[in-house]
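Contents: one structure, followed by commentary.
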Amino acid sequence: MPASLDRGEFYPKVKYWILERFGEDKYNDFRNTLPDAICERMEDADPAKWYPAKDSQVLYEKLFAYFGENYIKDYVKFYTKQAIGGFIRGLVAFMSPLGLAKRAAALWGRFHSTGRVSVEFISKTQGKITLYDWKQSPIHCKVHTNWYAELIRMAGGKNINVEECYCVHKGDDFCRWEVSFDL
């Protein structure tokens with residue numbers, strides 16, 4: 001299986017989240033915990049260039065070790081707001097929560113070189129989101145759990161429950177999240 005790669009678009013979003021939430025001193029202190037190559041990307045990543053997904057794993061692990069895992073939800077909310085902009089943000093108002101999740105699944109390959117996502121509708125307010133062929137790290141699973149919850153929230157879902165019921169890091173062949181919400 002080929003090495004997994006991620007687009008560089010998320011590196012500056014991590015930087016701006018830290019700066020906005022914690023300030024420049026904390027950002028500079030955090031950068032001192034990172035390998036040089038990742039520090040450089042935080043400052044000057046090419047959003048269209050592919051970088052090793054192992055590096056995003058290192059960045060996320062260090063990010064949440066430094067600031068605390070209780071900040072994953074806040075980071076994902078910030079990232080999602082940054083990532084879903086312009087024309088797509090206008091579409092969010094017209095899409096169902098699971099419809100938005102399905103649209104995001106279709107875009108997976110624009111940001112990750114390996115893996116694929118499928119969305120299965122159980123009902124208007126329930127579904128299953130499955131990620132195949134992408135085994136990075138448990139921290140990515142936590143980020144994805146919050147990403148799906150945030151997408152559903154942005155599209156009008158309330159009382160959202162996103163639970164990872166299968167995980168490659170627990171020996172399963174894929175990661176799957178069962179989602180439910182109220183409209």
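If you go through the range 104-134 and keep only what is touching a Gly at 6+ places or on another chain (Cβ under 7 Å) and either crowded, with 17+ Cβ neighbours inside 10 Å or assigned to a strand (DSSP E or B) (or both), you end up with Val119, Glu120, Phe121, Leu131, Tyr132, Trp134. Entry remark, the range 7-39: residues being among the β-branched types (Val, Ile, Thr) and under 16 Å from Val143 (Cβ atoms) number 2 in total. Here Lys142 meets the list (1) of a type in the set (D, E, K, R); (2) surrounded by 16 or more Cβ atoms within 10 Å (Cβ to Cβ); (3) in contact with a strand residue (DSSP E or B) (Cβ under 6 Å, 6 or more places away or on another chain) almost entirely, failing just condition (3).
Residue pairs whose Cβ atoms lie under 9 Å apart, sitting 6 or more positions apart in sequence or on different chains, and linking a residue in the range 71-82 that is farther than 18 Å from Ala155 by Cα to a partner that is surrounded by fewer than 15 Cβ atoms within 10 Å (Cβ to Cβ) and of a type in the set (D, E, K, R), are Tyr71/Arg21; Tyr75/Arg21. Quick one: is Thr125 modelled with pLDDT of 95 or more, of a type in the set (S, T, N, Q) and either under 15 Å from Lys77 (Cα atoms) or in the same structural domain as Glu9 (by TED's automatic domain parsing) (or both)? No, not satisfied. Using the structure shown, decide if Cys167 is without any contact (Cβ under 8 Å) to a residue 60 or more places away in the chain, surrounded by fewer than 18 Cβ atoms within 10 Å (Cβ to Cβ), under 23 Å from Ala65 (Cβ atoms) and in contact with a strand residue (DSSP E or B) (Cβ under 7 Å, 6 or more places away or on another chain). Against the criterion (without any contact (Cβ under 8 Å) to a residue 60 or more places away in the chain, surrounded by fewer than 18 Cβ atoms within 10 Å (Cβ to Cβ), under 23 Å from Ala65 (Cβ atoms) and in contact with a strand residue (DSSP E or B) (Cβ under 7 Å, 6 or more places away or on another chain)), Cys167 qualifies. Taking every residue in the range 51-68 that is within 12 Å of Ala37 (Cα to Cα) and pairing it with any residue that is crowded, with 18+ Cβ neighbours inside 10 Å, at least 6 positions away or on another chain, the pairs with Cβ-Cβ distances below 6 Å are Tyr51/Asp6; Tyr51/Gly8; Asp55/Ile38; Ser56/Asp6; Leu59/Ile38. The helices (runs of 4 or more DSSP H) found entirely in the range 1-78 include none that carry 3 or more residues being modelled with pLDDT of 95 or more, in the same structural domain as Cys141 (by TED's automatic domain parsing) and of a type in the set (Gly, Ala, Ser).
The values are calculated or read from the model by the stated rules, or taken from the named source; none is laboratory data. The structure presented is a predicted model; accordingly, all values stated were derived computationally and were not measured. Ideal geometry is used to build each Cβ from the backbone, glycine not excepted, and the neighbour counts take in all protein chains shown.
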